[in-house]
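What follows is a set of notes on a single structure, which appears directly below.
The values are calculated or read from the model by the stated rules, or taken from the named source; none is laboratory data. Just so we're clear, the structure is a prediction, and the values are computed from it rather than from any experiment. Every residue, glycine among them, receives a Cβ derived from its backbone with ideal geometry; neighbour counts consider all protein chains shown.
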């Protein structure tokens, strides 16, 4: 069974002719980590809100563990937990209050709720601040409270909408560790993130969404097949050379994408590196070379639609 199946799901908001979701059909494997990637406004959060029974689709159908979200919302809510993108802790409550009371609402007995709360606070490095009101905590600590609330329930399906936003590198890795542990326990996790390293490290499958449509999907090997190059070269444009002149210099070596007003990215092959380097030196241009990553795949699929 799939944890999530969507069939031609569309969403059009009132007073808007643009589809936030445009006939999205996808399947999320049970017990896997699936990541939705896309630029701001691509439709990722809208899709999660519909899956988590917070919003109605304009058309189409979504099944959660085989149950229709429109027909059985209460049943589905018992099997899911979510870190919402716009969520905020209650200012007067402490980290302990948030997680413990959330577990009690989910039906846990007092001693089990207390043990799970202690464990989660320790794992997120929040135990020393367990009795501090949220209004006195940093933004990163507030975000970890929301993550702790969602994960402590150990619901069969977790929706994590940018769960590590605002977290420092150590805290991000603490959250990654819990995500991996929960997956090993059979929990299905749907993640959205703008951190490409996070998606690459954690994901079993990735869905790239652009303007409400799934434009590519698969594991990392599948996605690498969409970019048939070996390396990327970021070239910084000098004052004496405009972007069009620079692209004319290197276009024959691969694919170029405008990254900003003063830089372009060239996807190419290793055997071209020496010749490209000589051109850069003669043109007095600075550049950097790196292997292909998920960031490059994403820019190739999405960036050239808006930046060229």
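Residue 249 passes every criterion in (1) closer than 21 Å to residue 295 by Cα; (2) modelled with pLDDT under 90 apart from (1). Among residues of the range 66-93 that are on the phi > 0 side of the Ramachandran plot, those with a beta-carbon under 7 Å from a residue that is in a loop (DSSP other than H, G, I, E, B) at least six positions away or on a different chain give the pairs 66/1. For the range 29-51, a residue qualifies if it is buried (at least 22 other Cβ atoms within 10 Å of the Cβ) and in contact with a helix residue (DSSP H, G or I) (Cβ under 9 Å, 6 or more places away or on another chain), and the qualifying residues are 33, 35, 36, 37, 38, 42, 51. Across the range 62-113, the number of residues qualifying as farther than 17 Å from residue 155 by Cα and touching a helix residue (DSSP H, G or I) at 6+ places or on another chain (Cβ under 8 Å) comes to 13. In the range 281-291, the condition of being under 25 Å from the mean Cα position of the chain (by Cα) and either in contact (Cβ under 8 Å) with a residue 60 or more places away in the chain or in a loop (DSSP other than H, G, I, E, B) (or both) is met by at least one residue.
Here residue 187 fulfils each of the conditions (1) closer than 22 Å to residue 76 by Cβ; (2) at pLDDT below 95 apart from (2). Taking the listed residues 45, 35, the one that is closer than 19 Å to residue 157 by Cα, in contact (Cβ under 8 Å) with a residue 40 or more places away in the chain and assigned to a helix (DSSP H, G or I) is 45, with no other qualifying.
Taken over the range 76-124, the criterion of being in a helix (DSSP H, G or I) and either in contact with a strand residue (DSSP E or B) (Cβ under 6 Å, 6 or more places away or on another chain) or not assigned by TED's automatic domain parsing to the domain that holds residue 146 (or both) is satisfied by 76 alone.
Yes/no per residue for (1) at pLDDT below 95; (2) surrounded by fewer than 17 Cβ atoms within 10 Å (Cβ to Cβ); (3) farther than 30 Å from residue 26 by Cβ; (4) under 24 Å from the mean Cα position of the chain (by Cα):
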residue: 197; (1), (2), (3), (4): yes, yes, no, yes
residue: 204; (1), (2), (3), (4): no, yes, no, yes
residue: 209; (1), (2), (3), (4): no, no, no, yes
residue: 260; (1), (2), (3), (4): yes, yes, yes, yes
residue: 265; (1), (2), (3), (4): yes, no, no, yes
residue: 270; (1), (2), (3), (4): yes, yes, yes, no
residue: 275; (1), (2), (3), (4): yes, yes, yes, no
residue: 299; (1), (2), (3), (4): yes, no, no, yes
